[in-house]
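Asks: Sharing a structure with you now.
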Amino acid sequence: MKIALMDSGIGLLAATAAVRRLRPDADLVLSLDPDGMPWGPRTPKDLTERALAVAEAAAAHRPDALIVGCNTATVHALTALRARLEPELPVIGTVPAIKPAAAGGGPLAIWATPATTGSPYQRDLIDDFADGVTVTEVPCWGLAEAVERADETAIDAAVAAAAELTPDDVTTVVLGCTHYELVAERIRAAVQRPGHPKLALHGSAGAVAAQALRRLGEQPAPGAPASGTLTVLLSGREGTLPVPALTYAEGRLLQEATPARTAQ
């Protein structure tokens, strides 16, 4: 089994690690776009064109499924990606985990990029799945970019700024950008209020990985031999995991499970 994942940068690491944990025997193809990142500030048309190019680079390696490991690309390009690649190649998008988060009753906060915060897409998800729950949309200025660079000072500043915008009574935070899952515990520490129950965090990586297996009719097999290979594509060129990826536990897991060179 071969599963491809795509994103402009290392936000796909969380879903990739989730796939690796579920199926250590799966071959993985990671298709990134360092030449075109970040995708967030691009127009929807431009972003879709970049996403299609990155997806087609992955598809050339003949995977069995493709995960769009990026919320922004899912919002703007999922329809085009499915039109181009399905049914031959199943395409799985990444949607903020608002539904399971709202099931806890809230109040909840959705941390997302400024472009996604307040967007019709996110508002529709709130209306569909969080009716009756108090929801605060929190724009996280610069957080995804800081995580991409593994810039510790910038990460701390962006997390602190978003925490200031998060109401004190919030019990649950939805991580509405895949990059944020790489610093989830730092977010929890910043938002957790003394004397309150442990803050619940809801990311998408586990659900996306499980959905990919379901689309393929496969079952989790975490005890399978760790025989899966790792191919990294950088704007279509075969390369190596970016150095910042190894700052995070998810990146180190991939390197340990499938030895890969790091870019110099």
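Asks: Residue by residue through segment 193-252, note down the ones that are open to solvent by less than 70 Å² (accessible area, probe 1.4 Å) and either of a type in the set (Phe, Trp, Tyr) or part of a strand (DSSP E or B) (or both).
Replies: Ala200, Leu201, His202, Leu230, Thr231, Val232, Leu233, Leu234, Gly239, Leu241, Tyr248
Residue by residue, here is whether (1) assigned to a loop (DSSP other than H, G, I, E, B); (2) over 14 Å from Leu234 (Cα atoms) holds:
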{"position": "Val19", "(1), (2)": "no, yes"}
{"position": "Arg42", "(1), (2)": "yes, yes"}
{"position": "Glu49", "(1), (2)": "no, yes"}
{"position": "His61", "(1), (2)": "yes, no"}
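Asks: Looking at (1) at pLDDT 95 or above; (2) within 26 Å of Leu165 (Cα to Cα), find the lone condition where Ala83 falls short.
Replies: (2)
Asks: Do we have Leu89 as among the aliphatic types (A, V, I, L, M), within 18 Å of Met6 (Cβ to Cβ) and in a loop (DSSP other than H, G, I, E, B) here?
Replies: yes
Asks: For segment 64-87, which residues satisfy the criterion of being in contact (Cβ under 8 Å) with a residue 40 or more places away in the chain and surrounded by fewer than 24 Cβ atoms within 10 Å (Cβ to Cβ)?
Replies: To start, the set of residues in segment 64-87 that are in contact (Cβ under 8 Å) with a residue 40 or more places away in the chain comprises 64-73, 75.
Hits for segment 64-87 are Asp64, Ala65, Val75.
Asks: Suppose the filter is among the aliphatic types (A, V, I, L, M), farther than 21 Å from Gly40 by Cα, at pLDDT 95 or above and part of a helix (DSSP H, G or I); does Ala189 pass it?
Replies: Against the criterion (among the aliphatic types (A, V, I, L, M), farther than 21 Å from Gly40 by Cα, at pLDDT 95 or above and part of a helix (DSSP H, G or I)), Ala189 qualifies.
Asks: Out of Val95, Val135, Val173, which single residue is closer than 30 Å to Leu246 by Cα, surrounded by 15 or more Cβ atoms within 10 Å (Cβ to Cβ), of a type in the set (Val, Ile, Thr) and at pLDDT 95 or above?
Replies: Step by step, each of Val95, Val135, Val173 is checked, and only Val173 is closer than 30 Å to Leu246 by Cα, surrounded by 15 or more Cβ atoms within 10 Å (Cβ to Cβ), of a type in the set (Val, Ile, Thr) and at pLDDT 95 or above.
The values are calculated or read from the model by the stated rules, or taken from the named source; none is laboratory data. The structure displayed is predicted, hence computed values, not measured ones. We place every Cβ from the backbone using ideal geometry, glycine too, and count neighbours over all the protein chains shown. Just so you know, the surface numbers come from the protein's heavy atoms only, side chains and all, with ligands and any DNA or RNA stripped out. Shrake-Rupley method; radii C 1.70, N 1.55, O 1.52, S 1.80 Å.
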